[in-house]
Amino acid sequence: MLIPLGKYAAEHETAADTLRRMAVRGDFKTARKIGRNWFIDNREESPLFQSSPDTRVAYGFKTVVSLFSGCGGMDLGFTGGFNFLGTDYPETGLEIIWSNEINSSACQTYRLNIGDHIINDDIGNVLHQLPSAADVVIGGFPCQDISINGKMLGINGKRSNLYTYIIKTVETVRPKVFVAENVGGLLLKHNSLFLDKILNDFNSLGYEINYHRYNAADYGVPQTRDRVFIVGTQKGLPAFSPPPPVLNEPVTAREAIGDLETRRRDDRFSHIWSLANVSGEQGNRKLLADRPGYTIRAECHGNIHFHYSLPRRISMREAARIQSFPDTFIFPCKLRETERQIGNAVPPVLAWHVAQAVLKIQPGK
């Protein structure tokens, strides 16, 4: 008998948003969309649990709280279930139960692609709404004061203390693991005092701390993007081990976006681009076809990189590809806001590999 997707999700103790994405992908044999709602035969076994009698127990970790969620790049990586450039990144078994983002446009994109659970407000206003417990806390705290492409104010910047909200969240929900992401510039010498303070504050929580610098290109992201992930694990659990690089040769810009060269502008596919001329300050570089793309920035003010062969800047869909977003990820906003969301995001493919390493932090592993 066909039943509403929400009822099916409740019976299987699974997030409706996760099952809705699976239904759209065709993972269910009996799923039908009637009007605006999905229905599934209540006798069909959920694909999430077909490989094991209880996948949730096998994974060990289940629930995730997400801070500074943006449009959902890190959240997509931690939940999985997408395809990028022909490679599948399977569902991880993790479920985002609470997320927060201050930018309303980013929340619009998040709701379309990840789920309706995101809270659109300043993080300081909603800490009292946190769940009492979660297995994992994740968050890419804002980096403008640390980035070499930003103001480089470091510990004196107005936004440099936003990482403290990750600390407050960890204190509240006491996860088994937390993951905090920031720019590679955090490890530069002039940021040493700030790094020391962050690490000391995280250490004060009583967690084992690991921090590691990643080049996204080593993990299948067609972009030379350096990022630092700080991972804290509860004492008594196995230590976190950073995932090793998966590629000897990086994915090039041509491999990532070459098929879009002859495609016309397409608003619905976000294949739109800035018409800004060469700038005296930034955005003058062309991509190199046989190398990964340059770091996609959030605040490039329309001056995003030029295409490697075409007389235009790269489109938002091309930028999303360089950030490793699947083509099924929808950006409903206008060009400038989409540009900002893509540039601020954690590459989903990189986040997926970090999530795989997190899932190994279990007793007995």
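Every number in this text was worked out from the coordinates using simple rules, so none of it is lab data. Bear in mind that the values here come from a model prediction, so they are computed numbers and not experimental data. Here the Cβ is made from the backbone with ideal geometry for all residues, glycine too, and neighbour counts use every protein chain on show.
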* To do: Please give the calculated 222 nm ellipticity per residue for the chain, where each DSSP H segment of at least 4 residues contributes -39500 (n - 2.57) and the sum is spread over every residue; nearest 500 deg cm²/dmol?
  => -7500 deg cm²/dmol
* **Other-chain or far-sequence residues with amide H under 5 Å of SER99's (modelled H)** => SER66, ILE119
* Whole-Hz ³J(HN,Hα) from phi, Karplus 6.51 cos²θ - 1.76 cosθ + 1.60, for region 118-123, glycine and proline x -> 6, 9, 8, 5, 5, 4
* To do: State the antiparallel share, in %, of DSSP beta bridges confined to the chain, rounding to the nearest 5.
  => 60 percent
* Take each of the peptides 220-230, 196-206, average the number of other beta-carbon atoms within 10 Å over its residues, and list them starting from the highest. => 220-230, 196-206
* Asked: Which of rounded, prolate, oblate describes region 163-234, given a ≥ b ≥ c as roots of the alpha-carbon gyration tensor eigenvalues and a/c under 1.5 marking rounded, otherwise prolate only if a/b is larger than b/c?
  -> oblate
* Is there a pair in LYS62/LYS360; LYS235/LYS360; LYS176/LYS235; LYS176/LYS197; LYS62/LYS176 whose C-alpha atoms are over 19 Å apart, and which pairs would that be? -> LYS176/LYS197
* **Least to most buried among HIS212, HIS190, HIS128 (fewest other Cβ within 10 Å first)** => HIS128, HIS190, HIS212
* Using a Gaussian network for the chain with springs between C-alpha atoms less than 10 Å apart, which of these wobbles most: GLU249, GLU11, GLU337? -> GLU11
* Asked: What ranking, highest mean first, results for peptides 116-125, 312-321 when packing means the other Cβ atoms within 10 Å averaged over each residue?
  -> 312-321, 116-125
* To do: In square nanometres and to one decimal, what's the mean projected area of the convex hull around the Cα atoms of region 302-364?
  => 5.7 nm²
* Asked: Taking neighbour counts of Cβ atoms within 10 Å as a proxy for exposure, in what order, fewest first, do CYS333, CYS71, CYS107 appear?
  -> CYS333, CYS107, CYS71
* If you look at just the Cα atoms of region 265-349, how large are its Rg and its Dmax in Å? -> 11.8, 35
* Please label the shape of region 60-140 as rounded, prolate or oblate, based on the square roots a ≥ b ≥ c of the eigenvalues of the alpha-carbon gyration tensor (a/c under 1.5 means rounded; beyond that, a/b larger than b/c means prolate, else oblate). => oblate
* **Gaussian network model of the chain, springs between alpha carbon atoms under 10 Å - residue of THR252, THR30, THR169 with greatest fluctuation** => THR30
* Once the mean 1/r over all distinct Cα pairs of the chain is inverted, what Kirkwood radius in angstroms do you read off? -> 21.2 Å
* Asked: Listing ILE272, ILE304 from the residue with the fewest other Cβ atoms within 10 Å to the one with the most, what is the order?
  -> ILE272, ILE304
* Asked: Short version: ³J(HN,Hα) in whole Hz for each residue of region 61-71, in order, from phi by Karplus 6.51 cos²θ - 1.76 cosθ + 1.60 (θ = phi - 60°), x for Gly and Pro, what are they?
  -> 9, 9, 9, 10, 9, 10, 10, 6, 6, x, 7
* To do: Identify all aspartates and glutamates with a Cα-Cα distance to LYS29 below 20 Å; exclude those on the same chain that are fewer than 8 residues away in sequence.
  => GLU11, GLU13, ASP17, ASP41, GLU44, GLU45, ASP88, GLU91
* Structure fact -> Length-normalised contact order of the chain, Cα under 8 Å, at least 6 apart, in percent, tallies to 16 percent
